[in-house]
Amino acid sequence: MEEGMMGRFNQFCEQVYFLVAVQLRAMAGLLAGGIVFGLFPALYATFAVMKTRLRHPETETNAGSVFWSVYKASFLKCQLYGYVWLTLGLFLYYDIRLLFSYSNVLAFAAACLLVSLLFIYLLSSLLILPIVVRYRLTVLNSVRFSATIALLIPFVSLALTVLIIVCGLVLAYVPLLFLFCGVSFLAAACTKIASFAFRRMERSGYLRLEDAEAGYIYNKRFGKGVGE
């Protein structure tokens, strides 16, 4: 019994150590890019590490090597896509605030519609990076695929919503804990949830994972094939 408990405790400590180590690299990547230019490459590289860890849990993941190789290779590309996506979210947010400032039914209805779109945007934001690091999709199809998962799989949407709330509470009340492993935990949880969604899409016939792993997506809605 004690050996079993000690084994589980050791595994827990190893997981915590891994999350802290990845978090430190994410912070280093953020600072290396001067924060503004380091934000999205650091996030992308963090999700790449988590994908590697999830797919090969039985082997020791060289987090540092994976992180920095992905960080350097994706540094320029992440700037454009990341800030365009961020601008879209800010546009929705400020439009919602503007519409709620008007006191008429039409503006209220439009604001409610944009709130729904903002919610889908937030869920898609948590799914896009796991999709991008795993598949060779175009940007548009990555967005469409993430939104499709958010809309068609309620469990995934619920899990991501709970994850957002938990991380928000930790950030508000225990910011030091979030600083130590918040980003890496968020990336690990999103990657795990997204992996469940990918398997569901495969079983439903919507996604063929064996082809997607090689950079080929088959989807009746997306078209014949996308990605090379």
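The values are calculated or read from the model by the stated rules, or taken from the named source; none is laboratory data. This structure is a prediction, so every number in the text was calculated from the model and none was measured. Every residue, glycine as well, gets a Cβ built from its backbone with ideal geometry; the counts of neighbours run over all protein chains shown. These accessible areas exclude ligands, DNA and RNA; they are computed on the full protein's heavy atoms, side chains included. Shrake-Rupley method; radii C 1.70, N 1.55, O 1.52, S 1.80 Å.
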Compute the separation of the alpha-carbon centres of the stretch 133-184 and the stretch 22-47 and state it in Å as a whole number. 17 Å
Calculated from backbone phi, Karplus (6.51, -1.76, 1.60) coupling profile of the stretch 187-204 in Hz, x at Gly/Pro: 5, 5, 5, 4, 5, 5, 5, 5, 4, 4, 5, 4, 5, 5, 5, 5, 5, 7
Per the helix-only calculation at 222 nm, which mean residue ellipticity applies to the chain, given -39500 (n - 2.57) for every DSSP H run of n ≥ 4 and division by its residues, nearest 500 deg cm²/dmol? -27500 deg cm²/dmol
Potential extension, Phe155-Leu31 segment - 0.36 nm per residue separation minus Cα distance: 41.1 nm
From the protein chains alone at 1.4 Å, what is the descending order of accessible area for Tyr81, Tyr173, Tyr94, Tyr135, largest first? Tyr173, Tyr94, Tyr81, Tyr135
May I ask you to derive the FRET efficiency for Tyr173 and Asn104 from their Cβ-Cβ distance with R0 = 45 Å, giving the value to the nearest 0.05? 0.75
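Please report, in debye to the nearest 20, how large the charge dipole of the chain is about its Cα centre when each Lys and Arg carries +1 at its beta carbon and each Asp and Glu carries -1 there. Numbers along the way, then the final one.
Details: 19 positive and 11 negative charges, 127 e Å.
Charge dipole, the chain, about its Cα centre: 600 debye, nearest 20.
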Under a crude label model (7 Å from the Cα following the beta-carbon direction), how far is Tyr17 from Leu140 in nanometres? 4.8 nm
GNM flexibility winner over the chain from Leu163, Leu106, Leu80 (Cα, springs under 10 Å): Leu106
Leaving ligands, DNA and RNA out of it, report the carbon-plus-sulfur percent of the accessible area of the chain at a 1.4 Å probe. 70 percent
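Grab the Cα-Cα distance for Leu88 and Cys112, subtract it from 0.36 nm times how many residues apart they are, and report the gain in nm with one decimal.
Details: separation 24, 0.36 × 24 = 8.64 nm, distance 1.71 nm.
Length gained, Leu88 through Cys112: 6.9 nm.
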